[in-house]
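The values are calculated or read from the model by the stated rules, or taken from the named source; none is laboratory data. Keep in mind it's a predicted model, so treat the numbers as computed, not measured. FYI the Cβ positions are ideal-geometry reconstructions off the backbone, even for glycines, and counts take in every protein chain you see. Only protein heavy atoms, including side chains, enter the accessible area calculation; ligands, DNA and RNA are left aside. Shrake-Rupley method; radii C 1.70, N 1.55, O 1.52, S 1.80 Å.
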Amino acid sequence: MGGEENGKGEGLVEIHMGSKNKYRRMDSEGTEEDVVLSNEGIAKKNHNTKKFVFVCAIFASLNSVLLGYDVGVMSGAILFIQEDLKITEVQEEVLVGILSIISLLGSLAGGKTSDAIGRKWTIAFAAILFQTGAAVMTLAPNFGVLMVGRLFAGVGIGFGVMIAPVYIAEISPAIARGSLTSFPEIFINLGILLGYVSNYAFSGLPAHISWRLMLGVGILPSVFIGFALFVIPESPRWLVMQNRVEEARAVLLKTNESETEAEERLAEIQLAAGTANAEKYEAKAVWREILNPSPPVRRMLITGCGIQCFQQITGIDATVYYSPTIFKEAGIKGNTQLLAATVAVGLSKTLFILVAIFLIDKVGRKPLLYISTIGMTTCLLGLSLTLAFMGNEKIGIGMAILAVCGNVAFFSVGLGPICWVLSSEIFPLRLRAQAAALGAVGSRVSSGVVAMSFLSVSRAITVAGTFFIFSVISVFAIAFVHTCVPETKGKSLEEIELLFQNEGVWKGGEVEMGDAERLVQREQVGGVSDC
């Protein structure tokens, strides 16, 4: 519509503003200035949109600080709890590992809760439960009350680890979804680092005071989570499921760079929800489909739940929870020195998660998973050999610290953050919350089993032998990534779902955008959509 040769049309150009077309005469002197101002307005809108989504992702991830802090702080606090409350080794294992087992209750309930009250308020509920648990643990006079606090904290963590990636995936544009959905893993790592620093800071105090202060500091993030509830919007996909389409449109206008793009995303969500949410799936129907899945859903479950389990059974929680035990085995003496060494582990884990954030939407999910799992295998094997043949030697201590730091660094580059990214983006809307909850259950159970058995297994086959087993499991993780994880970089949630329709594409692990578009067209032509 650049112009017509008759006098009426001369000098007219079409300016797109949202979904309406505006015409402006271009033969005036102020034309170029108007275009510049218009471009500046668009750039400002884009900047504000990115900033808003970024802030929402940060606030939604705050619960993950609580999980990370608990994991990090307990590795040091357990030394002083053992001294103060005189608990046995079995009680120590139960106290450390029970959090992950109990958290599966929150993860199982999290899918239904988030569908019932919304993603936003499920985040709030998770924070309340965890803070209650943290307060009880801080004031616990004995082992029994301490376990009650762990119960509340564990259920809260179960809700938190399940809902944050789902919420972020549902508000993020496809081009940045990988980076933004990795935020919970960043904050877990930040929490672990803060826990290690807290251990070191309070390690010089009397035993009956130090561990209470260590655990009590974990209550502070609740202030920021409360503030976050006044900033973050509800998920537009959940709003559509509730037939609150106008509210969903308002959120999409804030999280997309143009009105046209927002309307396109809204149409996709309505289609995925089932013809503008005309047909709702009840919880029983959802679980029936998950427990008796079609071939595409089965592939999604294998990928989502499998990557969650491999994240834990490769021993990351054992490395983090029991890093003082590992370093003691290597030859480091004294609680303060042990806790100082763990700070290096926390720094490595946190710094390398930032590397993943910069690369995940550029390099892709699968290449980073290869780098991660191969690197972890090398470091786990190196740690095993170091502890077996070079324990209590100066060079052995250095190599053990290097191997542990390398293991957590490679974990943070790939398997750590990408696990949550994949789990939140591969499932269709009708199954997303419940299937993500199921994957989180697998993660928490695996974590609990590893944490609750590490000391007993290490006593039976040595710490070196235990890490050799972890290195073997890590080899299987490499094979799993190669066989069962497709590349999802740059694709919309609806396009990702279609990748699993074709077993060849799923096993091949690579698909071009054009292939996904042809799959979409094939589904539309056939009049069938599994969205």
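Say the dipole of region 293-501 comes from +1 at the beta carbon of Lys and Arg and -1 at that of Asp and Glu; which of Phe327, Cys379, Leu402 then lies farthest toward its positive end?
Phe327
State the Cα centre-to-centre distance between region 165-210 and region 70-94 in whole Å.
Cα centres, region 165-210 to region 70-94: 21 Å.
In nanometres, what is the gap between the two model label sites at Lys86 and Gln337, each 7 Å from Cα along Cα-to-Cβ?
Modelled inter-label distance: 2.9 nm.
Taking all protein chains together and a probe of 1.4 Å, list Arg432, Arg298 from the most accessible to the least accessible. Mind dumping the intermediate values first?
Working: Arg432 5, Arg298 110 Å².
Largest accessible area first, the list is Arg298, Arg432.
Compute the signed sum of charges (Lys and Arg +1, Asp and Glu -1) over the other residues within less than 15 Å, Cβ to Cβ, of Ala341.
Numbers: positive: Lys328, Lys333, Lys349, Lys394; negative: Glu329.
Combined, the nearby Lys, Arg, Asp and Glu give +3.
Once you have the alpha carbon radius of gyration of region 285-386, what is it after dividing by 2.2 N^0.38 Å, with N set to its residue count? Walk me through the numbers before you get to the answer.
Working: Rg = 18.3 Å, N = 102, 2.2 N^0.38 = 12.8 Å.
Scaled against compact globular proteins, the figure is 1.44.
From the convex hull of the Cα coordinates of region 348-409, what is the mean projected area in square nanometres? Walk me through the intermediate numbers first.
Numbers: hull surface 16.5 nm².
Convex hull of Cα atoms, orientation-averaged projection: 4.1 nm².
Hey, what's the Kirkwood Rh for region 293-501 if you take every pair of different alpha carbons, in angstrom? Can you show the working numbers first?
Details: mean 1/r = 0.0567 Å⁻¹.
About 17.6 Å for region 293-501.
Distance in nm between label sites at Thr483 and Ala176, each 7 Å beyond Cα in the beta-carbon direction?
3.8
So if we plug the beta-carbon distance of Leu354 and Ala116 into 1/(1 + (r/R0)^6) with R0 = 41 Å, what FRET efficiency do we get, rounded to 0.05? Could you put the intermediate results ahead of the total?
Values: r = 35 Å, r/R0 = 0.86.
That pair, Leu354 with Ala116, gives E of 0.70.
Carbon and sulfur atoms: what percent of the 1.4 Å accessible area of region 293-501 do they account for?
Details: 4840 of 6450 Å².
On region 293-501, the fraction of accessible area on carbon and sulfur atoms equals 75 percent.
When the solvent-accessible surface of protein heavy atoms is calculated with a 1.4 angstrom probe, in what order do Arg237, Arg265 fall, highest first? It would help to have the intermediate numbers written out before the result.
Numbers: Arg237 20, Arg265 65 Å².
Correct descending sequence by accessible area is Arg265, Arg237.
What percent of all Cα-Cα pairs in region 204-324 falls into each 10 Å bin, going from 0 up to the bin containing the maximum distance?
Binned Cα distances yield the sequence 10, 20, 24, 26, 14, 6, 0.
Lys and Arg at +1, Asp and Glu at -1: add these up for the other residues within a Cβ distance under 13 Å of Cys56 and post the number.
Numbers: positive: Lys50, Lys51, Arg119, Lys120, Arg177, Lys254; negative: Glu170, Glu234.
Charge balance near Cys56 sits at +4.
Report the net charge of residues surrounding Pro206, where surrounding means a beta-carbon distance below 12 angstrom and charges are Lys +1, Arg +1, Asp -1, Glu -1. Write down the numbers at each step before the final one.
Details: positive: Arg212; negative: Glu83, Asp84.
Taking every Cβ under 12 Å from that of Pro206, the sum is -1.
Provide the gained length on full extension for the span Lys362 to Ile473, in nm with one decimal, where the gain is 0.36 nm per separating residue minus the Cα-Cα distance. Working shown, then result.
Working: separation 111, 0.36 × 111 = 39.96 nm, distance 2.83 nm.
Taking 0.36 nm per residue and subtracting the Cα distance, the gain is 37.1 nm.
Could you tell me the relative contact order of region 293-501? Use alpha-carbon pairs under 8 Å, at least six residues apart, and round to a whole percent. Let's see the in-between values first.
Numbers: 266 pairs, mean separation 81.3, N = 209.
Rounded, it is 39 percent for region 293-501.
With every protein chain left in place, what is the accessible area per residue of region 293-501 in square angstrom, probe 1.4 Å?
The answer is 31 Å² per residue.
Given Cβ point charges of +1 (Lys, Arg) and -1 (Asp, Glu) and nothing else, what value in debye, to the nearest 20, does the dipole of region 47-277 about its Cα centre take?
On the way: 14 positive and 18 negative charges, 57 e Å.
Around 280 debye, computed over region 47-277.
How large are Rg and Dmax for region 47-277 when calculated on the C-alpha trace, in angstrom?
19.7, 64
Quick one: length gained pulling Ile395 to Phe54 fully straight, 0.36 nm per residue minus the C-alpha distance?
On the way: separation 341, 0.36 × 341 = 122.76 nm, distance 4.37 nm.
Once the chain is fully extended between Ile395 and Phe54, it gains 118.4 nm.
Not counting ligands, DNA or RNA, and with a 1.4 Å probe, what is His208's accessible surface area in Å² rounded to the nearest 10?
Looks like 100 Å² after rounding.
Among Leu180, Gly118, Leu129, pick out the residue whose Cα is farthest towards the positive end of the charge dipole of region 86-202, where Lys and Arg carry +1 and Asp and Glu carry -1 on C-beta, about the Cα centre.
After comparing all options, I get Gly118.
Could you run the Karplus curve 6.51 cos²θ - 1.76 cosθ + 1.60 with θ = phi - 60° over region 101-106 and give me ³J(HN,Hα) per residue in whole Hz, x for Gly and Pro?
5, 5, 5, 5, 4, x
Might you tell me the accessible area per residue for region 47-277, computed with a 1.4 Å probe and given in Å²? Walk me through the intermediate numbers first.
On the way: 8130 Å² over 231 residues.
Value for region 47-277: 35 Å² per residue.
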